[in-house]
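As structure tokens, the structure follows; a few thoughts come after it.
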Amino acid sequence: MRLPITVLTLALSLLPSSHAIFADEAYSVDYQHELLGLPQPQTTFFHRPRKDDKATLLYTLSDLGVLGAVHPGTGKVVWRQLLAGEAGEYNASSKGFLRPVEGESTVVSAVGGRVDSWDAMSGRERWGNLFAGTIKDLEVMETTSGDVKDILALYDEDGKGVLRLLKGESGNVKWEYHGEITDVPLQVSTNVEKIFVIALHGTTGAYNLKITELDPVTGKQISEHTLRSLSDVHSPEDVLLVGANSAAPIVAWTDKDFKNLKVNILGRSASITSLPLAEADGPITKVEIHAPHLIQSLPHFLVHSHSATSNRADVYHINPASGTIAKEYELPKLSGKGAISVSSQAANVYFTRLTEDECIVVSSASHGILGRWPMRFTGKDGALLHGASEVVQRTGDTYAVRSAVLTSNDDWLLIRNGAVDWTRPEGLSGAVAAAWAEIPESENLAKTLEAEAHSNPLSAYIHRVNRHAHDLQYLPAYLQALPKRLLTSIIGSGTASQSGVLARDSFGFNKLVIVATVRGRVYGLNAGNQGFVLWSSKAFDIPSNEKWDVKGIWVEQSKGIATIKGSKGESVTVHVVTGNVLETVAPGSDFIQSTVVVETPSGALFLPISLDGNLDEVPVDQAPKDNLVVQGKDGEIKGLKFDTKGPGASPVVLWTFQSGPGEKILNVVSRPPHDPVASIGKVLGDRTVLYKYLNPNVVLVTAVSEESSYVAFYLIDSVSGDVLYSVTHEGVDIQQPITSVLTENWLAYSLWSDILVTEATLPGSKGYQIIVSELFESAVPNDRGPLGPTVNSSSIEPSDIPNAEPALPYVISQTFLIPEAISHMSVSQTRQGITTRQLVCTLAGSNAIVGIPRHILDARRPVGRAPTPAEMEEGLIQYHPVIEFDPKMALTHKREVIGIKDVIATPAVLESTSLLFAYGIDVFGTRVAPSAAFDILGKSFNRLSLVATVLALWIGVFVLAPMTKRKQINERWATQ
Amino acid sequence: MHLSPLSALLLLPAALATHLRISVPSTPLLQQPSTLPPSTHATLITLSHHYSAPLTVSNAFEFRNVSSGSYLLDVHCHTHFFAPLRVDVHEGLKLKSDGSGVDDIAEVMAWGTFRGNEWGNKGEAVVVKEVEGKVGVWGFEVPARVVKDYYIERAGFSPLSLLQNPMILIAGFSMILVFGMPYIMDNMDPEMKAEFEERQKSSPLSGGAQANPLQSFDPAAWLAGAPSAGTKEKRDDRAPAERGVTR
């Protein structure tokens, strides 16, 4: 057991300090939005994590499958769990469930086939169990005894409803009940004495409700009956509510045109009570029912009906003895949208109604308003969609209420007595694409200077004098600000300006990030100010079961606008500073596979590429200058060039690359658009040079074979279509992430490789690997290979000899073992490319992003021997097969970032620094300096001690000068 | 042995499943395993099988339904390092040693493993035993190894580190020599001083000019036809005297 630790310490000692994060820079250079996703109405609630403590936490299971607890006072996340599997995408059809266990420190979640019980305080799992099928409903089985409460889980297993009672302490199955195969399982409900399984019975499109009553102890069927709802219920969504855990659980649905509400009290009889729905300002568009979820609560419920312009509510009481339902009172019509939420305290049930003007709390028993607060909204919050409330009775008749409300702007607010306590930008979660944008410069001064340069000297001079005279008015303010500026520069309060003004800074750290999310929203973030959300605008209304598939963002720096294109051909143009939507193109019928920004004779152009990889004919002045690489219908890769000889430019297929039989092309990567190379060669220790193979027209293709579980990488010249280099790895688990990156003269990829059963002779190792390959022009130093003497070279005609082989790069590869999967790779970018690049890897397993220094990933590290002095001079260290992800490499340091899909990099003005932005569920941004911050004074620079030294010297000079003078005079004049 | 083809079939990994309970013990490094963050989880990986389990309230990772195979166990934790383990799960039927029938066996073995070494290179075995009172639940422990330290502290300015610099030490020594020598010379008694100067005159360092006559060769004087050894001698005499003054 000694080896891993020694290996670890070795790895730590190898790491130079410049790659780590300084303790004083953490949390100041980086920023994070710790997000959950949009809270769902049925899975958001306040719950006491400690039984004997009144403090509550706010729990939610979001639309992205993140379970989280939020502190209602501060809005900070207490704990989070990503329930959607690491590999599996969470989609809206796999609905999740979350229920609190009243009186226990437990919340129970169910997603897909999994049921988990979580400790409400710490976020640790109590138990988890996985079953076949998908979850349809989850309820907590209330008990009259003080035992741990059991959990009811209703599954849809191949179209058949299966109800399982899970033991509250272990999650093991107590009993199972199998429903009939013809029924669609819908929900489960209970009133302690009985369990009700509600299923849809009938043919698709017209269902009756079938209620099966079960015995909670044995799980045996007691009785079943059918409710006639054929004309009203067409799909599971048409059933509004199945109350659970109340003295009188109900099932309710409406007729087609929202005229009547049909209610049945479960366990009573098959009688259906019809309650009329009163219209308010036009036809009703939506009906919601709010009922308490506590067994001891009064059996009251509220019907909230929305029309297009207003909303109203009715409160009904159920008489458990007689089984009748009577209307008690109604909440008057109010214009606009409103949210009503229910909260219960012992037997009391409170309804909280939030509208744009006020917040009121009523008791279910009578219509008297217990509390009324005016709403103090900033006006930009949007309409209130739904919320969860907690009503607290203070002394006497005073009440306090706090509600967590989701707005139509995808913000999650906590409203305490009408005032907004905090706002969480939850809509920012689920980002699918992002791009960097420069802050548009104010060009006034540049314009004036240009005007002066072009006018005649005299008028230019007068203009300049006038301008300077005009500038004098700013002098007093400047002088006033001067002491403060001096002071801040001495104390060194930071480099980035924290004032609200959006302006570029001299270091280039102030940049904007445009983020597009799955819900059709676009956000603008200020990377220079801790990722502050500057604006958000709705681009498209995306249905909740779909996702906005963004194919590309193009930022036109000169105009200050960003264009976002989606997969259905839709696009939206926004202003990068204000977020105003300038232009929208509705989704069309042409689906696109990707987008590309191309250089054309008439400027840059944002070109969509259709699914089959074909491009239309374009005018000659809009023909891309460069070659394009597209993927065809059958997965083949094509190289296209626009032929500009005719009247219009039409794309010509130059070459087609078809991967081997049974291979599927996983992805194609090219060098980043901004990929400057400062040095064309690598100077070796003996002062010879290995010339880098720097071909801008190369793509790296990843192809996998599912049957033979191998992966092949092809490096293809995108002009000629020649395969420059290829490599195959066998025994690769292709279910595990395979990522690759191509930059400068090197490429890297990572995969999971197993030992092969067939190759017993070769010792293998099981685990994740990262492979680095460096491309050089020739194996011999000071030799430029076949292309050496030529000034220009062509990929198509590599030499004067006809049909000659292409000049192949000399490739050095090295494999390193890494402890965990890399789900995404990208490379840092700097302005000139002088700074070494850093490989930025996203580790989904440990919720982190690490930056691996390039010198560790050097393919030329000497194997099996210590480096020679010449190699040491180059900075090469001995090869060690394992790269431990040292925590000091983690760019996210102590932060946990979840669901990161992509990391984008952009250069700052400073050569040493690259800005990174990671998005997915969370949003994270930081600055990296792979070769240490050599062109900026860090926080270690002590301005105060510098000033103190200068002052001390100054004082010394002033004290010593008269003394020396006196001594000199004395020497000359004084007599012995 | 007409049984052998059948038994070979039975030895194949059956679709049965094992329950593993891997607990994090309290060690001097990690006295309270309950302080580990809720995101701590463990993964069991082999080709085309991937299991993940979060840390439970009882400080254990529960893997239900693990099928037979040789797995790599990794614990991902934000605050501590854990050593990787190799976990072999065998379940199924095995031919009895005497060939009289088949045994229903289930066994779990765990060893330390080393990244970068072949899979067959097993480290120290970890004690695996069935959890008390539970049939078919196998348990073993994975202790935390190293605390993760994410930051480096900036080396602040300290005068002591400045003094340790060899350049500063050399400079300081020569300073002492330059400034201290005249005082020592002044305080020396005259006899000793004279002796010292005498010795310096004859020392090879100061007498080096005579050692190499080519060095003191004056081509201009020689060309002018005045190779006067006497003047040369005089000049040589003067040189040490001058040196004495500058000291």
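The values are calculated or read from the model by the stated rules, or taken from the named source; none is laboratory data. Please read these numbers as outputs of a predicted model, since none were measured by experiment. Cβ: placed from backbone, ideal geometry, glycine included. Neighbour counts: every protein chain shown. The area values use the complete protein model at the heavy-atom level, side chains included, leaving out ligands, DNA and RNA. Shrake-Rupley method; radii C 1.70, N 1.55, O 1.52, S 1.80 Å.
A few notes on this one:
- Cα-based values for segment A:628-685, radius of gyration first and Dmax second, are 17.2, 56 Å.
- Remark on segment B:118-159: ratio of C-alpha radius of gyration to 2.2 N^0.38 Å is 2.30.
- Dipole in debye (nearest 20) - the protein assembly as shown, about Cα centre, beta carbon charges: Lys, Arg +1; Asp, Glu -1: 3440
- Looking at segment B:142-175, the chymotrypsin sites (Phe, Trp or Tyr not before Pro) that sit in a DSSP loop and have at most 16 other Cβ atoms within 10 Å of their own Cβ are B:PHE157.
- The value obtained for segment A:379-453, namely the Cα convex hull volume divided by the number of residues, is 160 Å³ per residue.
- Equivalent ellipsoid, segment A:36-181 (semi-axes from 5 times Cα gyration tensor eigenvalues, Å): 25, 20, 11
- Taking other residues whose beta carbon is less than 9 angstrom from the beta carbon of A:THR190, and scoring Lys, Arg as +1 and Asp, Glu as -1, yields -2.
- Loop trypsin sites (Lys or Arg not before Pro), segment A:205-305, which have at most 16 other Cβ atoms in a 10 Å radius of their Cβ (DSSP): A:LYS220, A:ARG228, A:LYS256, A:LYS259, A:ARG268
- Under the combined filter of DSSP loop state and at most 16 neighbouring Cβ atoms within 10 Å, segment A:682-762 retains these GluC sites (Glu not before Pro): A:GLU706, A:GLU707, A:GLU759.
- Between 0 and 90°, nearest 10: helix A:444-454 axis offset from chain A longest Cα axis: 40
- Longest site-free stretch - chain A; sites: chymotrypsin sites (Phe, Trp or Tyr not before Pro), DSSP loop, at most 15 other Cβ within 10 Å: A:28-933
- Protection proxy ranking for A:863-872, B:23-32, using the average of other Cβ atoms within 10 Å per residue and placing the highest first: B:23-32, A:863-872.
- Kirkwood hydrodynamic radius of segment A:104-232, Cα pairs, Å: 15.2
- Diffusion constant of segment A:241-376 at 20 °C, which comes from Stokes-Einstein with the Kirkwood Cα-pair radius and 1.002 mPa s, µm²/s: 141
- Value in Å of the Kirkwood radius, where segment A:433-475 supplies the Cα pairs that are averaged: 12.6
- Across peptide A:877-886, the mean count of Cβ atoms from other chains lying within 10 Å of each residue's own Cβ comes to 2.
- Angle in degrees between helix A:943-973 and the longest Cα principal axis of chain A, rounded to the nearest 10: 40
- The calculated Kirkwood hydrodynamic radius for segment A:604-658 is 11.5 Å, given to one decimal from all distinct C-alpha pairs.
- Calculated P(r) of segment A:336-424 - Cα pairs past 18 Å, %: 36
- One way to sum up the overall shape of segment A:511-614 is the equivalent ellipsoid from its Cα gyration tensor, whose semi-axes run 23, 19, 11 Å, largest first.
- Rounded tilt (10° steps) of A:457-471 against the dominant C-alpha axis of chain A: 50
- Among the listed pairs A:LYS565/A:LYS633; A:LYS167/A:LYS766; A:LYS210/A:LYS337, those with a Cα-Cα distance over 29 Å are A:LYS167/A:LYS766; A:LYS210/A:LYS337.
- Descending Cα extents along the principal axes, chain A, whole Å: 116, 89, 73
- Mean Cα-pair separation over length for chain A, i.e. relative contact order, pairs under 8 Å, 6 or more apart, %: 7
- Residues of segment A:601-743: accessible area per residue with a 1.4 Å probe, Å²: 45
- A Cβ-based charge dipole, computed about the Cα centre of segment A:141-264 with Lys and Arg at +1 and Asp and Glu at -1, lands at about 180 debye.
- Computed helical MRE - 222 nm, the protein assembly as shown, DSSP H runs ≥ 4 contributing -39500 (n - 2.57), nearest 500: -4500 deg cm²/dmol
- Highest mean packing first, where packing is the average number of other Cβ atoms within 10 Å per residue, the peptides A:696-704, A:446-454 line up as A:696-704, A:446-454.
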